[in-house]
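To start, the structure itself, in structure tokens.
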Amino acid sequence: MRRHRAQLNIKPCLATRFPSLSKGLDIDLDVNMFTEDVHFAIMPIGGRTYKQEDFAVEFQGKEPDCERAKGIVGELGEFDRYDPTGMACDAVENIARYLAWEGQAVFEIIEHKDKIYVNGFTPKNLFKLFNWYLQIIPPGDWDLWKRKFSFVNKGKVWKVEIPHELGGVRGYKKILKKLRRYNRLGPGFYRRDLERGILQGDFDLLKYVRDSEIYCNRVTRSWGWNRRDWGQEKCTEFYSFYKMLSFKYAQALLREHILEEINRLLDRLEIKCKLIVTGLPTSGDISQIINDMREGELSFSAVSDKVAI
């Protein structure tokens with residue numbers, strides 16, 4: 001879609017990125033893994049799933065409106081896709097990726113020759129002032145964007161945030177901030193000493209690792225994240241599957257929220273078409289699966305099959 005936009009010479013009003021604020025590669029393993037897991041397989045990758053045979057994507061509405069809706073949804077994705085199923089999956093996963101990184105995703109609505117386009121931009125330094133959005137451009141990026149700020153009407157901005165059930169933007173950012181307090185490779189002084197070839201004989205690394213695992217589980221409790229640890233040395237098989245289901249439940253909530261926000265955007269743009277996704281486990285389905293597992297009515301393998309995407 002970027003090549004398409006460039007060909008039409010469409011210039012966004014809002015700066016898409018601030019290289020000067022980039023901190024480079026985040027070496028915190030827990031933060032990296034958590035943000036990746038939040039958006040990974042939230043929808044069938046490439047629009048294909050062999051586990052959920054009833055999975056389907058449909059644009060419901062009259063043909064002209066559906067074509068307009070597909071154009072908008074296609075712009076929300078990361079890649080150029082032309083099949084409706086792959087297009088919708090890519091759009092939802094791309095929005096989820098932004099949410100995993102920042103807790104929110106923002107897009108500029110651009111009108112060009114009677115057509116509407118959406119363009120993602122950075123939520124950093126973005127402030128809402130009544131009916132307007134003010135974007136302050138850092139001094140290090142003044143030369144890149146040839147200005148010091150951007151100012152647009154709120155009607156030109158579409159924002160998606162982490163749903164309140166998962167803590168909202170503020171709660172989610174707190175999770176990322178807290179995850180950075182413990183580095184599973186060891187505290188800063190320990191890593192620096194290792195680089196110098198110094199071994200701390202009085203530092204108990206195993207205890208540090210255990211404490212960091214307990215801390216991480218507590219911080220991400222609302223998501224049920226298992227840190228990609230399926231080992232059962234420290235928990236029962238039931239609890240291991242319970243955490244997996246809890247994380248799938250959180251992903252289902254996020255998926256449903258994103259789809260609802262996309263449909264709100266289409267309605268806001270007066271496009272009489274709805275994006276409908278069926279055949280994937282809903283948050284309600286997963287809640288019922290958790291209850292059935294508690295009652296012993298489902299085996300662990302059956303539980304895994306029911307929520308796999």
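Computed quantities for the displayed model
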| quantity | calculated |
| --- | --- |
| Tabulated pairs, segment 117-143, first open to solvent by 20 Å² or more (accessible area, probe 1.4 Å), second hydroxyl-bearing (Ser, Thr, Tyr) and assigned to a helix (DSSP H, G or I), C-beta under 8 angstrom, 6+ apart or interchain | GLY120/TYR98; PRO139/SER20; GLY140/SER20 |
| Residue tally, condition charged (D, E, K, R) and crowded, with 19+ Cβ neighbours inside 10 Å, over segment 53-69 | 1 |
| When residues of segment 208-233 are limited to those that are assigned to a helix (DSSP H, G or I) and of a type in the set (Val, Ile, Thr), the one least open to solvent (accessible area, probe 1.4 Å) | VAL219 |
| Filtered residue count, segment 42-52, keeping only those that are within 25 Å of ASN226 (Cα to Cα) and open to solvent by less than 20 Å² (accessible area, probe 1.4 Å) | 3 |
| Filter result (under 22 Å from the mean Cα position of the chain (by Cα), charged (D, E, K, R) and under 21 Å from ALA105 (Cα atoms)) within segment 259-285 | GLU260, GLU261, ARG264, LYS274 |
| Filter result for ASP202 (among the acidic types (Asp, Glu), at pLDDT below 80 and part of a helix (DSSP H, G or I)) | no |
| Residue within segment 257-268 that is open to solvent by 50 Å² or more (accessible area, probe 1.4 Å), in a helix (DSSP H, G or I), out of contact with any Asp or Glu (no Cβ under 6 Å at 6 or more places or on another chain) and not charged (D, E, K, R) present | no |
| Flag if LEU205 is more than 21 Å from ILE289 (Cβ to Cβ), of a type in the set (A, V, I, L, M, F, W, C) and open to solvent by 80 Å² or more (accessible area, probe 1.4 Å) | no |
| Members of segment 70-79 that are within 20 Å of GLU261 (Cβ to Cβ) and open to solvent by 20 Å² or more (accessible area, probe 1.4 Å) | LYS70, GLY71, GLU78 |
| Scan of segment 272-305 for residues that are part of a helix (DSSP H, G or I) and open to solvent by 40 Å² or more (accessible area, probe 1.4 Å), ordered by number | GLY284, ASP285, SER287, GLN288, ASN291, ARG294, PHE300, SER301, SER304, ASP305 |
| Segments classed as strands (runs of 3 or more DSSP E), wholly inside segment 70-188, with at least 2 members that are among the polar types (S, T, N, Q) | 149-153 |
| Single residue of GLU36, GLU58 found to be among the acidic types (Asp, Glu), at pLDDT 95 or above, over 30 Å from PHE149 (Cα atoms) and not in a helix (DSSP H, G or I) | GLU58 |
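The values are calculated or read from the model by the stated rules, or taken from the named source; none is laboratory data. As the structure is a computational prediction, the values presented were derived from the model and not from experiment. Please note: Cβ atoms are built from the backbone with ideal geometry, for glycine as well, and neighbour counts cover all protein chains shown. Surface accessibility is based on the protein's heavy atoms, side chains included, excluding ligands, DNA and RNA. Shrake-Rupley method; radii C 1.70, N 1.55, O 1.52, S 1.80 Å.
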